[in-house]
Amino acid sequence: PDGVYYIRDLLGFEVFDHQRGKLGFLTDVIQNRAQDLYEVELENKKKVLIPAVKEFVLEINTEKRYIKVKVMEGLLDL
């Protein structure tokens, strides 16, 4: 159904911040009780976790293989 994805299908997607542009690639999805966390490897090889909730994940495009996110203030040292 729309909005439901298999983790294996999302791995390797490019990740873009809605204001900063390309951040890196989705390398893992960590599942826990509260919500999933998207592990993103940045261009500088640093890894960050982004909660997989609608407040932060704005768009997932499976055809073009990208995820658009809203990065929380202070998450990145850019």
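The values are calculated or read from the model by the stated rules, or taken from the named source; none is laboratory data. The structure presented is a predicted model; accordingly, all values stated were derived computationally and were not measured. Positions of Cβ are backbone-derived with ideal geometry, glycine not excepted, and every protein chain shown enters the neighbour counts. What goes into the accessible areas is simple: the full protein's heavy atoms, side chains included, and nothing from ligands, DNA or RNA. Shrake-Rupley method; radii C 1.70, N 1.55, O 1.52, S 1.80 Å.
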Approximate spin-label separation residue 61-residue 29, in nm, with each point projected 7 Å along Cα-to-Cβ = 1.9 nm
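Please give the charge dipole size of the chain, origin at the Cα centre, charges +1 on K and R Cβ atoms and -1 on D and E Cβ atoms. Round to the nearest 20 debye.
Working: 12 positive and 14 negative charges, 16 e Å.
Roughly 80 debye for the chain.
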Pairwise Lys count, segment 1-68 - Cα closer than 22 Å, eight or more residues apart or different chains = 11
Residue-count net charge about residue 52 - beta-carbon cut-off 11 Å; Lys, Arg +1, Asp, Glu -1 | -2
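Tell me the mean residue ellipticity at 222 nm calculated for the chain from its helices only (DSSP H runs of n ≥ 4, each -39500 (n - 2.57), averaged over every residue, nearest 500). Intermediate values should be presented prior to the final figure.
Values: 1 runs with 4 residues, N = 78.
Theoretical 222 nm ellipticity from helices: -500 deg cm²/dmol.
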Report ³J(HN,Hα) in whole Hz for each residue of segment 52-64, in order, from the Karplus equation J = 6.51 cos²θ - 1.76 cosθ + 1.60 where θ = phi - 60°; Gly and Pro get x.
-> 8, 10, 4, 5, 10, 9, 8, 7, 10, 10, 6, 6, 9
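Please list 5, 66 in order of solvent-accessible area, largest first, computed with a 1.4 Å probe with all protein chains present.
Details: 5 80, 66 45 Å².
Largest accessible area first, the residues go 5, 66.
Taking the Cβ of residue 7 as the center, what net charge do the other residues with Cβ under 9 Å away carry, scoring Lys and Arg +1 and Asp and Glu -1? Each step should come with its number before you reach the end.
Details: positive: 8; negative: 9, 28, 36.
Net local charge, residue 7 excluded: -2.
When a/c reaches 1.5 or more, the comparison of a/b and b/c decides; with that in mind, is segment 37-78 rounded, prolate or oblate per its Cα gyration tensor?
Values: a/c = 2.08, a/b = 1.34, b/c = 1.56.
Oblate is the answer for segment 37-78, as a/c is 1.5 or above yet b/c matches or exceeds a/b.
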Considering only protein heavy atoms, with the full assembly of protein chains and a 1.4 angstrom probe, order 27, 62 by accessible area, largest first.
-> 62, 27
Residues in segment 18-48, backbone N under 16 Å from the label point at residue 76 (7 Å along the Cα-to-beta-carbon vector): list them, ranges by number please.
-> 18-27, 38-48
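Ignoring ligands, DNA and RNA, what accessible area per residue does the chain give at 1.4 Å, in Å²? Please report the intermediate quantities before stating the final value.
Details: 5430 Å² over 78 residues.
Per-residue accessible area for the chain comes out at 70 Å².
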State, in angstrom, two size descriptors of the chain derived from its alpha carbons: Rg to one decimal place and Dmax to the nearest whole number.
-> 11.6, 36
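Which percent of the accessible heavy-atom area of the chain goes to carbon and sulfur, probe 1.4 angstrom?
For the chain, the apolar C and S fraction of the accessible surface comes to 47 percent.
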Quick one: net charge around residue 30, please, counting Lys, Arg +1 and Asp, Glu -1 for every other residue with C-beta under 9 Å from its C-beta.
-> -3
